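Beneath this line is the structure, given in structure tokens, with notes to follow.
The values are calculated or read from the model by the stated rules, or taken from the named source; none is laboratory data. A quick note: this is a predicted structure, and the numbers were derived from the prediction, not measured. Reconstructed Cβ throughout: ideal geometry from the backbone, glycine too, with neighbour counts over all protein chains shown.
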Amino acid sequence: MLSDLAEAEKNVPIDIKTEYQRITKARGEDAMAQVEGECCGGCFQMITANMEADLRLEKAVFCKSCGCLLYLAEDSSL
């Protein structure tokens, strides 16, 4: 499991790597949250249309409320 995580972390873009490492150190496994409906899965605050668009473009998006790195489910209908 940890080897899978290490392999996946190699794909974290360099421009957000420092921020990613900071939040994973502080929050551990709660550092990332899946978007559920139109809400952050970490704090349940609604995401903006711009955040949704950036996620669809595979850009890094952090929740403005709780700071989680957001991601869409593979089968997301957002």
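Are any of the residues in segment 42-57 at pLDDT below 85 and in a loop (DSSP other than H, G, I, E, B)? No: segment 42-57 contains no residue that is at pLDDT below 85 and in a loop (DSSP other than H, G, I, E, B). Looking only at residues in segment 1-13 that are part of a helix (DSSP H, G or I) and either polar (S, T, N, Q) or under 15 Å from the mean Cα position of the chain (by Cα) (or both), the one that is modelled with the highest pLDDT is GLU9.
For beta carbons closer than 6 Å, sequence separation of 6+ or different chains, a first residue in segment 51-78 that is more than 10 Å from ALA33 (Cβ to Cβ) and charged (D, E, K, R) and a second that is modelled with pLDDT under 90 and surrounded by 12 or more Cβ atoms within 10 Å (Cβ to Cβ), the qualifying pairs are GLU52/LEU78.
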